[in-house]
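In what follows, a single structure is set out as structure tokens and then discussed.
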Amino acid sequence: MIARNKKVSNYIPDDLSRLILSNLSLKSLNRFRCVRKSWSTLFENPYFISSFRNNFLSNNHAYYEDTSLLLHQTVPDDKLVLYSLSGERFENGTKLDWPNPFEENEPSFVISGSGSINGILCLINYTQPNARVVLWNPTTQEFLVIPTSPFELVPHMDVDIVRHGFGYDYVTNDYKIIRQVICYHKIDIDMLYLEDIDDDPFLEIYSLQSNSWRKLEYDIPINHTENGVFLDGMVHWLNESDDSDDEDEYVEAYLLSFDLSREEFITTLAPLEDVSFDSEPVLLDLMVLNGSIALISNYTNLGTFKIHVLGEFGVKESWFKLFIFQPTSIIVYPIGAGRKGNIFFTDEDGKLIFFSLSTMIVEEVNFVSGKFSGKTVTYKESLLPIGEKNE
């Protein structure tokens, strides 16, 4: 009898174990799938997938606590404006004024990433020489102009600085910026002067603690998209393998993640086949969705969207297909993600809409009229001075 009771007490019914597992994070779930054979096929069970999806969307992730939605929009005459949106259907907007550190009549910035970090936004001013960077806290109105890099002035070369990434190193309590520097030979310079000048693109990284830039050594092809997103101490971009002269050669798309603490790259193959950034008919976009890295794939010829979320960096098999849907409205391009499983898109007429993954309903953003150009950004207020440690 004692042996039987012990055996019964160690037994967990399958329906109860599936219920428990459906509440785990994707990373934990991927690791538990190897414990039992029946757990290894969980993602083949439609009931489990539905339960996991509902939990994923309904859990109030700490990433969104006390956050608001900012709308970064390009208006006529190529002016860049910023609004704070409110209301159930984003019907209200309050315009925010940019900082003016360069004494410009109408300063214009783009925002690096998809959200603030400890209340700080990283702004890139492309009207300034070599893309000047400003850290800005809209709550306190404090801003900090990042010093120029010694690598910006290369003799006899024109320099472009692109592909910024902004993040926070939780180990050293330091804010860091990573970006790519591309050099071009000046047309009017004799090539004899350029024999000893290296014109290969390179990466540089800025540390707020040291208030300085330095070159970053790496051994991975860098061909990533412009907009990097920050999550879990890493900056993430979409990347693809080296361009090939052979048009028939397959170009792999993958997630490129830079660990700000170890200053190392991690690659994760995308859950896609035979696609790259320029391939048709697939449009790709990367965003943070309910505290996870999400890849949005738009198969334009099919009118089908696929949403994958990543469980573990470096493991292609840990991508989970969260949704496949064919919305009734013609959704064209993803703009960003908000709270409660809202994803913002533009439709075929260029209007800004949001799609609720919880209700599967598409609605227009009432505050915006006409065609939209820009992106959405999540923002969390903070009274911390820029550079103060986040305890």
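The values are calculated or read from the model by the stated rules, or taken from the named source; none is laboratory data. Computed from a predicted structure; not experimentally measured. A quick note on method: Cβ atoms are made from the backbone with ideal geometry, for glycine too, and the neighbour counts reach across all protein chains shown.
Table: residues versus (1) at pLDDT 80 or above; (2) surrounded by 19 or more Cβ atoms within 10 Å (Cβ to Cβ); (3) more than 29 Å from I120 (Cβ to Cβ); (4) among the acidic types (D, E).
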| site | (1), (2), (3), (4) |
| --- | --- |
| E280 | no, no, yes, yes |
| N366 | yes, no, yes, no |
| T376 | yes, yes, no, no |
| Y379 | yes, yes, no, no |
| Can you name the residue in the stretch 320-347 that is in contact with a Gly (Cβ under 7 Å, 6 or more places away or on another chain) and within 22 Å of L231 (Cβ to Cβ) and is also surrounded by the fewest Cβ atoms within 10 Å (Cβ to Cβ) among such residues? | F320
| request: Would you tally the residues in the stretch 242-278 being at pLDDT 75 or above and of a type outside the set (D, E)? | output: 16
| said: Checking the structure you have, find out if any residue of the stretch 24-43 is more than 28 Å from the chain's Cα centre (by Cα), surrounded by 11 or more Cβ atoms within 10 Å (Cβ to Cβ), modelled with pLDDT of 75 or more and over 24 Å from G314 (Cβ atoms). | reply: no
| remark: Restricting the stretch 348-364 to residues that are within 19 Å of T300 (Cα to Cα) and acidic (D, E), the one surrounded by the fewest Cβ atoms within 10 Å (Cβ to Cβ) turns out to be E348
| Index of the failed condition, I386 passing every other in (1) at pLDDT 85 or above; (2) within 30 Å of N55 (Cβ to Cβ) | (2)
| message | Let me confirm something: among V154, V159, V145, which residue is among the aliphatic types (A, V, I, L, M), modelled with pLDDT under 90 and farther than 25 Å from L238 by Cα? | response | V154
| remark: Here the residues within the stretch 52-102 that are more than 22 Å from L121 (Cβ to Cβ), at pLDDT 85 or above and of a type in the set (A, V, I, L, M, F, W, C) are none
| query | Name the pairs: first residue in the stretch 216-232 and modelled with pLDDT of 70 or more, second residue surrounded by fewer than 15 Cβ atoms within 10 Å (Cβ to Cβ) and assigned to a strand (DSSP E or B), Cβ to Cβ under 8 Å, at least 6 apart or on different chains? | reply | E226/V162
| said: Any residue at all in the stretch 293-304 that's surrounded by fewer than 19 Cβ atoms within 10 Å (Cβ to Cβ), modelled with pLDDT under 80, touching a Phe, Trp or Tyr at 6+ places or on another chain (Cβ under 7 Å) and part of a strand (DSSP E or B)? | reply: no
| said: For the stretch 324-340, check the following and say yes or no: at least one residue is modelled with pLDDT of 90 or more, in contact with a Leu (Cβ under 8 Å, 6 or more places away or on another chain) and either hydroxyl-bearing (S, T, Y) or over 27 Å from E204 (Cβ atoms) (or both). | reply: no
